[in-house]
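Beneath this line is the structure, given in structure tokens, with notes to follow.
The values are calculated or read from the model by the stated rules, or taken from the named source; none is laboratory data. Since the model is a prediction, treat every value here as computed from it, not as a measurement. In this analysis, Cβ positions are derived from the backbone assuming ideal geometry, glycine residues included, and neighbour counts consider all displayed protein chains. Ligands, DNA and RNA are stripped out before the accessible areas are found, and what is left, the full protein with its side chains, is counted by its heavy atoms. Shrake-Rupley method; radii C 1.70, N 1.55, O 1.52, S 1.80 Å.
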Amino acid sequence: MLGLRRWWQRRQLLQRGWRGQRYVALDLETSGLDPKTDQVLAIGWVVIEPPLLDYQQAQYFVVQKRPDLKQSPVVHGMVSRDFAAAEDPLDALQALEQALRGAVLVAHHVQFDWQFLLQFAKQQQVKLQPLAKFDTLTFEAQRLKQQQHHIARGSLTLNACRQRFQLPEYTAHHAYSDAVACGELFLAQAYQYAGSTNVPLAELLARCK
């Protein structure tokens, strides 16, 4: 009965207008591409309450004191000294759990981040339960397909997607700045799609499946 009630409550929330919802744009830095064997190194996120990004609720955590860096210095410039003041992973995940409660998780290639988050949260015995997930990468791919654009290699990177919306260029491969960049892209995508109408959140989510 409790599960049915939660399902009904979630369904009701998804039918509400997208502008009245809360979103958490997130990015991770990881030591590799496999959530089963690689580590989450840093987490950054910013809360979005359309039309604004709430920087006062933004967070950035380095969560590994002794990371296995693998290719990380090559990919995003993190080196051993960056981890000297690493914070407790449990503190980071508890803060994220609170931020995600009743909010939509937004990420560029959201399933990549979500699989890492699930593995990381499981290790710390934290349960993350966002209302839903929005993928800015998939949304953009669907938008280009509808416009019959050829999707060239590299055209769906976060920076390439932002360029099509004439958004400013940020330093890439830092969890916080990439989270902000993703949040801005989400707002640009959502407002372009919905225009002045406050379409149901479920309709917006259907565009990134």
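Need pairs with beta-carbon distance below 7 Å; first residue under 23 Å from Val199 (Cα atoms) and within segment 1-17, second assigned to a helix (DSSP H, G or I) and modelled with pLDDT of 85 or more; sequence gap 6+ or separate chains. Listed by first residue and then by second, the contacts come to Leu14/Leu201; Leu14/Ala202; Gln15/Ala202; Arg16/Leu201.
Scanning segment 166-191 for residues that are without any contact (Cβ under 8 Å) to a residue 40 or more places away in the chain and farther than 18 Å from Asp27 by Cβ yields a single hit, Gln166. For segment 112-129, filtering for residues that are in contact with a strand residue (DSSP E or B) (Cβ under 8 Å, 6 or more places away or on another chain) and over 16 Å from Ile43 (Cα atoms) leaves 1. As a summary of the residue check, Leu128 satisfies the conditions (1) within 25 Å of Leu100 (Cα to Cα); (2) part of a loop (DSSP other than H, G, I, E, B); (3) open to solvent by 20 Å² or more (accessible area, probe 1.4 Å) except for the one numbered (3).
Conditions (1) out of contact with any Gly (no Cβ under 8 Å at 6 or more places or on another chain); (2) at pLDDT 95 or above; (3) open to solvent by 60 Å² or more (accessible area, probe 1.4 Å); (4) over 28 Å from Ala141 (Cα atoms), marked per residue:
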site: Ser80; (1), (2), (3), (4): yes, no, yes, yes
site: Ala84; (1), (2), (3), (4): yes, no, yes, yes
site: Glu87; (1), (2), (3), (4): yes, no, yes, yes
site: Ala92; (1), (2), (3), (4): yes, yes, no, yes
site: Gln98; (1), (2), (3), (4): yes, yes, yes, yes
site: Ala103; (1), (2), (3), (4): yes, yes, no, no
site: His108; (1), (2), (3), (4): yes, yes, no, no
site: Gln115; (1), (2), (3), (4): yes, yes, yes, no
site: Leu118; (1), (2), (3), (4): yes, yes, yes, no
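Just give me the residues in segment 28-52 being open to solvent by 30 Å² or more (accessible area, probe 1.4 Å) and at pLDDT 95 or above, in sequence order. Answer for segment 28-52, where residues must be open to solvent by 30 Å² or more (accessible area, probe 1.4 Å) and at pLDDT 95 or above: Glu49, Pro51, Leu52.
When segment 1-45 is examined, which residues are found to be part of a loop (DSSP other than H, G, I, E, B) and within 19 Å of the chain's Cα centre (by Cα)? Gln21, Arg22, Ser31, Gly32, Leu33, Asp34, Pro35, Asp38, Gln39 - these are the residues of segment 1-45 that are part of a loop (DSSP other than H, G, I, E, B) and within 19 Å of the chain's Cα centre (by Cα).
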